[in-house]
Amino acid sequence: MQVEPIINARFKQFRQKNELENIQDSLAFEKFVNYTIYTLHQPDAFTADSELLDFVSVGGSNDMGIDGIAIKVDDIIVKSKSEIDDIVKFNRSKRINVEFIFVQSKYKTHFDKGELNNFVDGVRDFLSDIHNFPMNENVKEHLQLKEYLLSDDLTIMWENNPKVTLYYVGMGRWKEPADLIGVSKQFEQDIERLNIYSSSDFKFIDSNELKVIYDSIQNTFSETIDTRHSMPLTDVNGVTNSCLAIVFGNELLKLISTEDGIIRKSLFNDNVRDFQGVNPVNSEIEETIKSTPEKFIVLNNGITIVCDEYKQNNTKLTIINPQIVNGCQTSHMLFEASKKSLDLTRVPISVRLISTTNQEIVNDIVRGTNRQNIVLEEAFESTKKFHKDLEEFFNAYSKDHDKIYYERRSKQYQHNPTIKQTQKVNLRVLTQYFVGAFLNSPHSAHRHESILLKDNKNKIYQDFHSKLPYFVTAQIFLKFEKYIRENNVHRLIKNYKPHILMMVRQSIGGYVPLFSKENEIDKYCERIQDLLMDDNKREEKFKEIIELFLLSIEKWETELGKSKRGTKDVEAFTKHLLEAVNFKFQNKINVSDAIPELTNTVETTFLGEVLNVIKDKYGAHYGFISKAPENIFVHSKDNVDFDFQNLKGKKVLFEIKHDPKSKTSIKSKGVLLKII
């Protein structure tokens, strides 16, 4: 039991960072284990937003002996049918991989056969066609997702039959008792007979292994690998040490996978692209490993590793707290090759190893080593100057307000124990809740951030935007998360958080000024902050809005005759909520003002480049300004203060005036504000 104090220290740290000190040890332990196991499978799954952790933690009455359920579709843990639809829609290979991961955790020092049997029976019932066990609401929600994935429309999208993985976690030492292993073998045979699932994997995790996994997902581990040749690189200011080494595949495998044969997904958090699956390039990598392994080093760019420190002893390199910033595809294909029992001892790989704790240098390395591999521009969204400035704004502004961190790069604050999980937001959370609360589109806020970035390309994260609305988005989100944790709120509320936050903002401030008009939008945000910082007023406001929301959704069904099903994704329901807010708080604001898409005249601010300037037949100048998806027409008669003869190629700030009653074919015109 020597390792128990160590894992208890990790457990205590987790409870403090997630503010779980006041719940029972057993319940907190279930969340700790679920967080640890599922983060191993998806490193950024629980960043900032506690909703997913609550969703996968199904333990309680009628839990079928299961404490955690996660359904992965293409390596993403899903919690709704719409998320599955998005993954299917944007899947490049047109095929999806599905995995069901079940967890049972016991805050005990022994492994119990009776409890294991309950767990196995519950999972077997869940995976079967007929269900005999009583289920709580959390389990039922997962069952609906499972049945959706097993429907005819989606089974044709499978790459392979779904995989099943079980984790039975205890605080004692695992000594491989024959009766418990027998239970696991029997389960694997039962699943195979269902002819639905491709394979099942049963893992027993003791306190020592749980510590190893937890440290692994934090990237606080070290690994020693053997090299054949290495040479130091030239000195760089801010870099402690660096070298170029040749490492064979079997040695690199020690770094990129755990002893249990699970790839360390958290190693690739700073890599721009996740694993792209079996595409032509990756197929070529596998073919080289298979047919001409000795050529691998000349045909492949190799990998780049950033670490806190490395130590060299002859041919041995001990790497401490590594992060692979370039080489995600190569690493994954080596891992896939190992699963196919291909010989990696003859596969040489060039490895560039850089030891630095300078965050700016790490950012530069991430950007520089991935520049040649850009696939989608939004993959680099958080590397843009706006986000760098926004991160600095959060840090500076927080000194006199709530301490909130914008985790621009995944897990960049993980090594600072003073920063709690409940003080951080990432790109996903900020994008979803800004779109929901400030753009009045909570009906689309659940979508993946890459889709939201595309759909709102010219509406969010613009260089001329004030930074304060983004901070207030994080502030109101984290305050409401805290309110949910501390109060017994109605079950619906957790699924409608973007809607609630929109209603809160609308009830305090009303119409949102343009984000480019800094004085106006900042004063608007400060009014919201004044209420957020007053504990009593904030609690009263949240309670008031929740009551109004529940009344509104009831009215939606009973008085308006609408269905509750799918309301979360319906724009008309958003309008219905805004009308309820405006009526109750007498804001004298039309809903058409609150939702620009519903108005005849839209006025917004954009940044673009004047592409060309032409003279019309009357000698007046006109041209076009770059903007997706269509360039914007601009005429000198609408912009008399600007010299059009010298505008071509200039960056300009402009507004768009829509005139649907225009007698010409041009319904939208640009109005120039300033030259940048």
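The values are calculated or read from the model by the stated rules, or taken from the named source; none is laboratory data. Keep in mind it's a predicted model, so treat the numbers as computed, not measured. Virtual Cβ from ideal backbone geometry, glycine too; neighbours counted across all protein chains shown.
Selection within the stretch 486-509: residues that are of a type in the set (A, V, I, L, M) and at pLDDT below 90. The member of this set that is nearest to K568 (Cα to Cα) is L492. Out of I76, I37, I23, report the one residue that is under 17 Å from L166 (Cβ atoms) and either within 22 Å of the chain's Cα centre (by Cα) or not small (G, A, S) (or both). Criteria check complete, one pass: I37. Considering the stretch 35-57, and only residues there that are modelled with pLDDT of 80 or more and touching an Asp or Glu at 6+ places or on another chain (Cβ under 7 Å), the residue that is surrounded by the most Cβ atoms within 10 Å (Cβ to Cβ) turns out to be S57. Consider the stretch 122-174 and keep the residues that are in a helix (DSSP H, G or I) and of a type in the set (D, E). The one that is surrounded by the fewest Cβ atoms within 10 Å (Cβ to Cβ) is D152.
The combined condition, being assigned to a helix (DSSP H, G or I), over 23 Å from S450 (Cβ atoms), at pLDDT below 75 and over 20 Å from the mean Cα position of the chain (by Cα), is fulfilled by E360. Condition check for I349 on (1) modelled with pLDDT of 90 or more; (2) over 27 Å from the mean Cα position of the chain (by Cα); (3) surrounded by fewer than 22 Cβ atoms within 10 Å (Cβ to Cβ): one failure, at (3). Against the condition farther than 26 Å from H446 by Cβ and without any contact (Cβ under 8 Å) to a residue 60 or more places away in the chain, how does D129 come out, does it pass? Answer is yes for this residue.
Inside the stretch 197-212, residues that are more than 14 Å from V103 (Cβ to Cβ), in contact with a helix residue (DSSP H, G or I) (Cβ under 6 Å, 6 or more places away or on another chain) and touching a residue at least 40 places away in the same chain (Cβ under 8 Å) make up a count of 3. The stretch 192-308 holds strands (runs of 3 or more DSSP E) entirely within its bounds, and those carrying 3 or more residues that are modelled with pLDDT of 85 or more and under 28 Å from the mean Cα position of the chain (by Cα) map to 199-205. Scanning the stretch 60-78 for residues being within 14 Å of N97 (Cβ to Cβ) and in a loop (DSSP other than H, G, I, E, B) gives a total of 3. The test for being assigned to a loop (DSSP other than H, G, I, E, B), of a type outside the set (D, E) and either out of contact with any Gly (no Cβ under 8 Å at 6 or more places or on another chain) or buried (at least 16 other Cβ atoms within 10 Å of the Cβ) (or both) does not hold for K482. Take the conditions within 26 Å of I7 (Cβ to Cβ) and of a type in the set (D, E, K, R) and apply them to D85. Does it pass? No; evaluated as a whole, the condition is false for this residue. Is one or more of the residues making up the stretch 510-525 at pLDDT below 90 and among the hydroxyl-bearing types (S, T, Y)? Within the stretch 510-525, one or more residues are at pLDDT below 90 and among the hydroxyl-bearing types (S, T, Y). I'd like the full set of residues that are of a type in the set (V, I, T) and within 30 Å of N8 (Cβ to Cβ), limited to the stretch 130-171. The answer is V139, T165, V169.
Consider the stretch 192-224 and keep the residues that are out of contact with any Ser or Thr (no Cβ under 8 Å at 6 or more places or on another chain) and β-branched (V, I, T). The one that is surrounded by the fewest Cβ atoms within 10 Å (Cβ to Cβ) is T220.
Of all residues in the stretch 184-234, those satisfying the criterion of being farther than 30 Å from I320 by Cβ and of a type in the set (S, T, N, Q) are S184, Q186, Q189, N195, S198, S199, S200. Does the stretch 310-321 contain at least one residue that is in contact (Cβ under 8 Å) with a residue 24 or more places away in the chain, outside any helix (DSSP H, G or I), touching an Asp or Glu at 6+ places or on another chain (Cβ under 9 Å) and among the hydroxyl-bearing types (S, T, Y)? Checked against the condition, which is being in contact (Cβ under 8 Å) with a residue 24 or more places away in the chain, outside any helix (DSSP H, G or I), touching an Asp or Glu at 6+ places or on another chain (Cβ under 9 Å) and among the hydroxyl-bearing types (S, T, Y), the stretch 310-321 yields at least one hit.
For every residue, the table says whether it meets (1) within 32 Å of the chain's Cα centre (by Cα); (2) at pLDDT below 70; (3) buried (at least 18 other Cβ atoms within 10 Å of the Cβ); (4) assigned to a strand (DSSP E or B).
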position	(1), (2), (3), (4)
E603	yes, yes, no, no
V613	no, no, yes, yes
G623	no, no, yes, yes
E630	yes, no, no, no
V640	no, no, no, no
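When each of S382, S441, S410 is tested for being buried (at least 18 other Cβ atoms within 10 Å of the Cβ), part of a loop (DSSP other than H, G, I, E, B), of a type in the set (G, A, S) and at pLDDT below 80, the lone residue that passes is S410.
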